[in-house]
Amino acid sequence: VILPARMLWDKGVEDFVNCAQRFYSSKTSVRFALIGNPDSQNPESIPDAQLKQWVELGFVEWWGNQDNMLKIYHMADIVCFPSYHEGLPKALLEAASCEIPIVAYDVSGCREIVKDNLNGFLVPFKDEDALYLSVMKLFENSKLRIEMGQKGREIVIENFTEGRISSETIKVWDEVL
């Protein structure tokens, strides 16, 4: 289970870690990895010391910034993305494109990519129980992970190709001008 994001409080990193801790406490054998670095220019940045403490406790791994995200996505079974707010998260487009099911909070940006019960689960904002249960449901059901992953790729191809985005952008500019 991965969280590909900058290490910011409002990306839901602590919620992800709390989910990982519940798996750890139940002695369920699953790896949770944080993928990304803090952003020292952002007031929401999580200190390195906090990230290292979570790693030392054994709940999560912290892989830092990765140059080959395609490789990372192919290693993952689930993307858990409990961000508090988004524009259009590139990480979720990439995950869906790589056929990885997604668990995310039901917030703008995430709900544009994640279609609840189709290519992942949208859980109520800050509902850590629902977050945990949704990740567990995917963890326990490989067939569901595969089906949702395939649907995610279909959604990206249908709605988020470069040509489609360019066409929609030009349409907006034409209306404005």
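The values are calculated or read from the model by the stated rules, or taken from the named source; none is laboratory data. The structure displayed is predicted, hence computed values, not measured ones. All Cβ positions, even for glycine, are placed from backbone atoms using ideal geometry, and neighbour counts span all protein chains on display. Accessible surface is based on the protein model in full, side chains and every heavy atom, while ligands, DNA and RNA are left aside. Shrake-Rupley method; radii C 1.70, N 1.55, O 1.52, S 1.80 Å.
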* **Single residue of SER166, SER142 found to be polar (S, T, N, Q) and open to solvent by less than 60 Å² (accessible area, probe 1.4 Å)** => SER166
* Odd one out for TRP173 among (1) surrounded by 13 or more Cβ atoms within 10 Å (Cβ to Cβ); (2) more than 20 Å from ALA20 (Cα to Cα) -> (1)
* Asked: If you check VAL107, VAL79, VAL114, which single one turns out to be at pLDDT 95 or above, over 12 Å from the mean Cα position of the chain (by Cα) and at negative phi?
  -> VAL107
* Asked: Can you name every residue in the stretch 106-119 that is open to solvent by less than 50 Å² (accessible area, probe 1.4 Å), within 20 Å of GLU147 (Cα to Cα) and either in contact (Cβ under 8 Å) with a residue 40 or more places away in the chain or out of contact with any strand residue (DSSP E or B) (no Cβ under 7 Å at 6 or more places or on another chain) (or both)?
  -> ILE113
* To do: Please tell me if ASP67 is assigned to a loop (DSSP other than H, G, I, E, B), without any contact (Cβ under 8 Å) to a residue 24 or more places away in the chain and of a type in the set (D, E, K, R).
  => yes
* Restricting the stretch 66-76 to residues that are under 15 Å from the mean Cα position of the chain (by Cα) and loosely packed, with under 14 Cβ neighbours inside 10 Å, the residue that is farthest from PRO101 (Cα to Cα) -> LEU70
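For the structure I just gave you, tell me whether ASP127 is charged (D, E, K, R), open to solvent by less than 60 Å² (accessible area, probe 1.4 Å) and more than 15 Å from the chain's Cα centre (by Cα). Write out each step before concluding.
Numbers: charged (D, E, K, R): yes; open to solvent by less than 60 Å² (accessible area, probe 1.4 Å): yes; more than 15 Å from the chain's Cα centre (by Cα): yes.
It is true that ASP127 is charged (D, E, K, R), open to solvent by less than 60 Å² (accessible area, probe 1.4 Å) and more than 15 Å from the chain's Cα centre (by Cα).
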* Asked: Of the residues that make up the stretch 84-105, is at least one open to solvent by 70 Å² or more (accessible area, probe 1.4 Å), among the hydrophobic types (A, V, I, L, M, F, W, C) and either touching a strand residue (DSSP E or B) at 6+ places or on another chain (Cβ under 7 Å) or in a strand (DSSP E or B) (or both)?
  -> no
* Within the bounds of the stretch 16-33, is there any residue that is open to solvent by 10 Å² or more (accessible area, probe 1.4 Å), farther than 25 Å from PRO101 by Cβ, assigned to a loop (DSSP other than H, G, I, E, B) and touching a strand residue (DSSP E or B) at 6+ places or on another chain (Cβ under 8 Å)? -> no
